Amino acid sequence: MQFLAAMGHSVPRWDIGTLTLVAVYERPDLRVANANYAIAKGGLTTAAAIPNPVLGLSPTYNSTNTFPSPWKIGPVISFLVTSFGARPASIAAARASIVASREVILTAAWQERTRVRNALLALWQAREQAKLANRSANYSGAGLTVLSQRYAAGMVSATALNLQRLTAEQARFAATEAVRRERLAKASIATAIGLPKVALSGITIDVSAFSHIKPPKELDILAQNALVERPAVQAALARYVAAQDRLRVVIDEQYPAFNIGPGYNFDQGANKFLLSLALPLPIFNQNQGPIAVARAQRHLAAAQFDQVQQRVLGGIDTSRTDWRASLDVTIAAERAAGSATRNERLALSDFRAGATGRLRLIGAQQAAILAQQDALTARIQARVALGHLEDALHHVFFRSAS
């Protein structure tokens, strides 16, 4: 609650926004990404550090020459002098790794929102289906009552009565199943936010973000931005930059580092000043093995960058196609549901006028429910498609009603 208050939700309404913040706070995924980010920052500290000097001390005692002193003693301090470009390249690689780790944090945060959104959408779907299932069960029960009365009067056959009884039982089963799905959806929400199901007891979960959706605009611009700015793309680009800089490091290491060390010796009573120089001789290899590995890693990073961009582009194209097709299906289903609702009103009017019986009214009501269930299925598919489009573009479309 303190975290939510700090984020501007002192009196939270438990909707997609606040529940996503709960998931960010409670689930370990973002903490893992933050820990990797801290490791990457430590890598920059390591790359920028200047190597410490080395103190050497090797006292020697000469037992055959005791005058003026049998001792030979003195410190030598060695300094490592690296190649000119290795350290800047290492620093650049570390900075690129930090950028990649930061983008991974953004990806992890979005994934938390995706889990919460999918769980809330499942709850909205279960609630809407339960409403229609209950109405269908009520109509089927009313139809069974009418047919039972007519059967008792000898107006219908036992077969017709049994068929209606079977329809009523199936409708009651569908209503009970809808309740089960609603309970399961609540448990999924608890899992998505990283808390036990009991934590949701007594609170009202707001799913108004899915009640009315607005068609997204400027999809071409959003798609172009996603191909450049999505965290996964930025992370892949940063990994390529890091691989390029690591290649620079091993290429610069062809020119070996050397140790230079000024020193002093007290040598059997004489003061001696030293200057040591240690330099590896690149005779048998010129660091070609590490260079080959680093070059291959750069090619791998480049291929992975292309892979990520193609995956993002494919996801955008697929989700846009699904969204547009779902809109067409929804429009057709809504049109059919509207026609069925108008027929239901006409049947009700005829029934009240005494022109038709109650059984025909119930039939019209059940037909309207079936059409509304088809329309609900289309709306659910459209919302699922819009959720996929959200993920592909990393752009928020579902917002709770204010």
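The values are calculated or read from the model by the stated rules, or taken from the named source; none is laboratory data. Quantities reported herein were computed from a predicted structural model and do not represent experimental measurements. Backbone-built Cβ (ideal geometry, glycine too); neighbour counts: all protein chains shown. SASA here: full protein model, heavy atoms, side chains in, ligands and nucleic acids out. Shrake-Rupley method; radii C 1.70, N 1.55, O 1.52, S 1.80 Å.
Between the range 29-63 and the range 274-348, the alpha-carbon centres lie 36 Å apart. Roughly speaking, what is the centre-to-centre gap between the range 212-265 and the range 373-393 when only Cα atoms are used, to the nearest Å? What the calculation gives is 36 Å, centre to centre.
Given +1 at the Cβ of Lys and Arg, -1 at the Cβ of Asp and Glu and no other charges, the dipole of the chain around its Cα centre is 1080 debye to the nearest 20. Across the protein chains, with a 1.4 Å probe defining accessible surface, the residues 7, 1 rank 1, 7 from largest area downward. Distance between the pseudo-spin-label points of residue 345 and residue 162 (7 Å out from Cα toward the beta carbon): 4.1 nm. Inter-label distance, residue 225 to residue 107: 2.1 nm, where each label sits 7 Å from its Cα along the C-beta direction. Its DSSP H runs of at least 4 residues, each contributing -39,500 (n - 2.57), put the calculated 222 nm mean residue ellipticity of the chain at -24500 deg cm²/dmol, to the nearest 500. Of the residues 360, 320, 239, the one that moves most in a GNM of the chain with alpha-carbon contacts below 10 Å is 360. Which residue, 345, 379, 181, has the most motion in a Gaussian network model of the chain that connects Cα atoms within less than 10 Å? Maximum fluctuation in the GNM of the chain, among the listed residues, is at 345. If R0 is 30 Å, the Cβ-Cβ spacing of residue 183 and residue 2 corresponds to a FRET efficiency of close to 0.50.
Normalised by the number of residues in the chain, the mean separation of alpha-carbon contacts (under 8 Å, six or more apart) gives a relative contact order of 23 percent.
Connecting C-alpha atoms closer than 10 Å in a GNM of the chain, tell me which of 187, 292, 337 has the biggest fluctuation. Of 187, 292, 337, the most mobile in the Gaussian network model is 292. Please report, to two decimal places, log10 I(q)/I(0) for the range 356-399 at q = 0.22, 0.23, 0.25 Å⁻¹ as given by the Debye formula with identical point scatterers on the Cα atoms and no solvent. Those come out to -0.73, -0.76, -0.82, one per q.
Comparing the range 6-123 with the 2.2 N^0.38 Å rule of thumb, its C-alpha radius of gyration ratio is 2.10 (two decimals). Legend: helices of the chain (whole DSSP H runs) are marked when their alpha-carbon atoms reach 27 angstrom or more along the helix axis and their mean Kyte-Doolittle hydropathy is at least -1.0; marked are 29-48, 86-152, 158-193, 231-252, 288-352, 358-393.
Taking the Cα centre of the range 250-402 as origin and assigning +1 to Lys and Arg Cβ atoms and -1 to Asp and Glu Cβ atoms, the resulting dipole is close to 860 debye. Look at the dipole of the chain built from charges on Cβ: of 140, 228, 384, the Cα furthest out on the positive end belongs to 140.
Charging the Cβ of each Asp and Glu at -1 and of each Lys and Arg at +1, and nothing else, the dipole of the range 39-152 about its Cα centre rounds to 540 debye. Taking the accessible area of the range 116-269, probe 1.4 Å, and keeping the other protein chains in place, the carbon and sulfur fraction comes to 56%.
Remark: spin-label model distance residue 278-residue 303 equals 4.0 nm, labels positioned 7 Å along the Cα→Cβ axis.
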